[in-house]
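> So that we are looking at the same thing, I have put the structure below in structure tokens.
The values are calculated or read from the model by the stated rules, or taken from the named source; none is laboratory data. Please read all numbers here as calculations on a predicted model, not as lab measurements. Backbone-built Cβ (ideal geometry, glycine too); neighbour counts: all protein chains shown.
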Amino acid sequence: MTRLGILLSGRGSNFLAIAESIRLGKLKAQIATVISNRADAPGIDSARALGLPARVLPSQGLKRVEHDQQVVAALRNAGVELVILAGYLRLLSPWFVQQFPGKILNIHPSLLPAFPGLEAQRQALDYGVQFSGCTVHFVDEHLDHGAIILQKAVPVLATDDEHSLSERILVQEHIAYSEAIALIAGGDYRIEGRRVLVDAGNRPGKSHL
Ligand code: GRF
């Protein structure tokens, strides 16, 4: 079973959704370690409460590469095969990305390439788009940029504020991340340019649109 290393900085709801998919047998993987760069991340408390190996590796005051070296060492010690960024508020150094080629995933709360970076839901509202959603993608050296594995769209309603839109997107994030991990862990895909191509029969749940 694929050994996952979860990196997070905060709430950890995506991590918990992944843990739940594993518990329910929907996702055939195991969480080898959960690492936070912040001691006060609620996600790290959740990991401990579930009895999972959890570590805090503080990033504050360290150079990016120094911190990345510690994180990569911890991931290797735990035998991690697939690195899952789940609300990890750090840009990975190119060196980190090269340590796990094609094996680092991120989730972002917009339909990339629209609205990369912070406050994607706010950006979507301010822009006036009528649909937004979430994107699971491979991580490369650039922010929210690597090849797209899976997207799910949600409508933006006239009554939405940042909170309500974020909630609607989050429901889809929790579904999308486990589906994308199952796809990549299963290895039944190929990459052509920026396109991640999956045999039709293996394509997990479609967007509800
Ligand atoms: C999610 O919206 C995710 O898309 C973004 O950061 C947020 C993390 O939420 N990258 P959580 O910590 O998983 O609850």
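> Go through region 192-209 and count every residue that is modelled with pLDDT of 95 or more and either within 16 Å of the chain's Cα centre (by Cα) or hydrophobic (A, V, I, L, M, F, W, C) (or both).
Selection size over region 192-209: 2.
> Would you point out the residue of region 38-56, among those that are assigned to a loop (DSSP other than H, G, I, E, B), of a type in the set (Gly, Ala, Ser) and away from the ligand (no atom under 12 Å from the Cβ), that is farthest from Phe96 (Cα to Cα)? Spell out the reasoning first.
Within region 38-56, the subset assigned to a loop (DSSP other than H, G, I, E, B) is 38-41, 50-53.
Adding the requirement that they be of a type in the set (Gly, Ala, Ser) leaves 39, 41, 51.
Next, from what is left, pick out any that are away from the ligand (no atom under 12 Å from the Cβ): 39, 51.
Numbers: Ala39: 21, Gly51: 27 Å.
Out of the qualifying residues, it is Gly51.
> Here's a follow-up. Let me spell it out: the conditions are (1) in a helix (DSSP H, G or I); (2) within 16 Å of the ligand (Cβ to nearest atom); (3) of a type in the set (A, V, I, L, M, F, W, C); (4) touching a residue at least 60 places away in the same chain (Cβ under 8 Å), and Leu125 meets all of them except one. Which number is the exception?
(4)
> Mind listing whichever residues of region 81-103 are more than 8 Å from the ligand (Cβ to nearest atom) and buried (at least 22 other Cβ atoms within 10 Å of the Cβ)?
Val83, Ile84, Leu92, Phe96 - these are the residues of region 81-103 that are more than 8 Å from the ligand (Cβ to nearest atom) and buried (at least 22 other Cβ atoms within 10 Å of the Cβ).
> Which of the residues that make up region 38-70 are of a type in the set (Lys, Arg), closer than 25 Å to Glu20 by Cβ and free of Cβ contacts under 8 Å to residues at least 12 places away in the same chain? Please lay out each step first, then the result.
Residues of region 38-70 of a type in the set (Lys, Arg): 38, 48, 55, 63-64.
From what is left, the residues that are closer than 25 Å to Glu20 by Cβ are 38, 48, 55.
Result: Arg48, single match.
> Collect the residues in region 109-127 that are surrounded by fewer than 16 Cβ atoms within 10 Å (Cβ to Cβ), under 15 Å from the mean Cα position of the chain (by Cα) and within 19 Å of Ala153 (Cβ to Cβ), keeping them in residue-number order.
Scanning region 109-127 gives a single hit, Pro116.
> Can you tell me which residue within region 4-24, out of those that are near the ligand (Cβ under 10 Å from one of its atoms), outside any strand (DSSP E or B) and out of contact with any Pro (no Cβ under 8 Å at 6 or more places or on another chain), is nearest to Val34 (Cα to Cα)? Give the steps one after another, and end with the answer.
Narrowing region 4-24 to residues near the ligand (Cβ under 10 Å from one of its atoms): 6, 8-18.
Narrowing further to those that are outside any strand (DSSP E or B): 9-18.
Then drop every residue that is not out of contact with any Pro (no Cβ under 8 Å at 6 or more places or on another chain), which leaves 9, 13-18.
Values: Ser9: 10, Ser13: 13, Asn14: 12, Phe15: 9, Leu16: 11, Ala17: 14, Ile18: 12 Å.
Of everything passing the filter in region 4-24, Phe15 is nearest to Val34 (Cα to Cα).
> Let me ask something else about it. Can you tell me which of (1) buried (at least 18 other Cβ atoms within 10 Å of the Cβ); (2) within 14 Å of the ligand (Cβ to nearest atom); (3) part of a helix (DSSP H, G or I) is the one Asn106 doesn't meet?
Unmet for Asn106, out of (1) buried (at least 18 other Cβ atoms within 10 Å of the Cβ); (2) within 14 Å of the ligand (Cβ to nearest atom); (3) part of a helix (DSSP H, G or I): (3).
> Looking only at region 162-169, decide whether some residue is in contact with a helix residue (DSSP H, G or I) (Cβ under 8 Å, 6 or more places away or on another chain), modelled with pLDDT of 95 or more and closer than 27 Å to Gln98 by Cα. Step through it out loud before you land on a result.
Initial filter on region 162-169 (in contact with a helix residue (DSSP H, G or I) (Cβ under 8 Å, 6 or more places away or on another chain)): 162, 165-166, 169.
Subsequent filtering for residues that are modelled with pLDDT of 95 or more retains 162, 165-166, 169.
So of that shortlist, the ones also closer than 27 Å to Gln98 by Cα come out as none.
Checked against the condition, which is being in contact with a helix residue (DSSP H, G or I) (Cβ under 8 Å, 6 or more places away or on another chain), modelled with pLDDT of 95 or more and closer than 27 Å to Gln98 by Cα, region 162-169 yields no hits at all.
> Among the residues in region 71-80, are any in contact (Cβ under 8 Å) with a residue 60 or more places away in the chain, over 20 Å from Ser9 (Cβ atoms), more than 11 Å from the ligand (Cβ to nearest atom) and more than 14 Å from the chain's Cα centre (by Cα)?
Yes: region 71-80 contains one or more residues that are in contact (Cβ under 8 Å) with a residue 60 or more places away in the chain, over 20 Å from Ser9 (Cβ atoms), more than 11 Å from the ligand (Cβ to nearest atom) and more than 14 Å from the chain's Cα centre (by Cα).
> Also, quick follow-up: Scan region 162-182 residue by residue and report those that are under 12 Å from the mean Cα position of the chain (by Cα), among the charged types (D, E, K, R) and within 11 Å of the ligand (Cβ to nearest atom).
If the condition is that a residue be under 12 Å from the mean Cα position of the chain (by Cα), among the charged types (D, E, K, R) and within 11 Å of the ligand (Cβ to nearest atom), then Glu173 is the only one that fits.
> Now, a different point. Where residues in region 25-37 are part of a loop (DSSP other than H, G, I, E, B) and under 28 Å from Gly187 (Cα atoms), which of them is nearest to the chain's Cα centre (by Cα)? Spell out how you get there, then give the answer.
Here is the first cut: in region 25-37, the ones part of a loop (DSSP other than H, G, I, E, B) are 25-28, 37.
Okay, now just the ones that are also under 28 Å from Gly187 (Cα atoms), so 25-28.
Values: Gly25: 20, Lys26: 17, Leu27: 15, Lys28: 17 Å.
Taking the candidates together, the pick is Leu27.
> If a residue must be free of Cβ contacts under 8 Å to residues at least 40 places away in the same chain, surrounded by 15 or more Cβ atoms within 10 Å (Cβ to Cβ) and either away from the ligand (no atom under 16 Å from the Cβ) or more than 20 Å from Leu183 (Cα to Cα) (or both), how many such residues does region 25-37 contain? Break it down into steps so the answer makes sense when it comes.
Filtering region 25-37 for residues free of Cβ contacts under 8 Å to residues at least 40 places away in the same chain gives 25, 30-31, 34, 36.
Subsequent filtering for residues that are surrounded by 15 or more Cβ atoms within 10 Å (Cβ to Cβ) retains 31, 34, 36.
Okay, now just the ones that are also either away from the ligand (no atom under 16 Å from the Cβ) or more than 20 Å from Leu183 (Cα to Cα) (or both), so 34, 36.
Count: 2.
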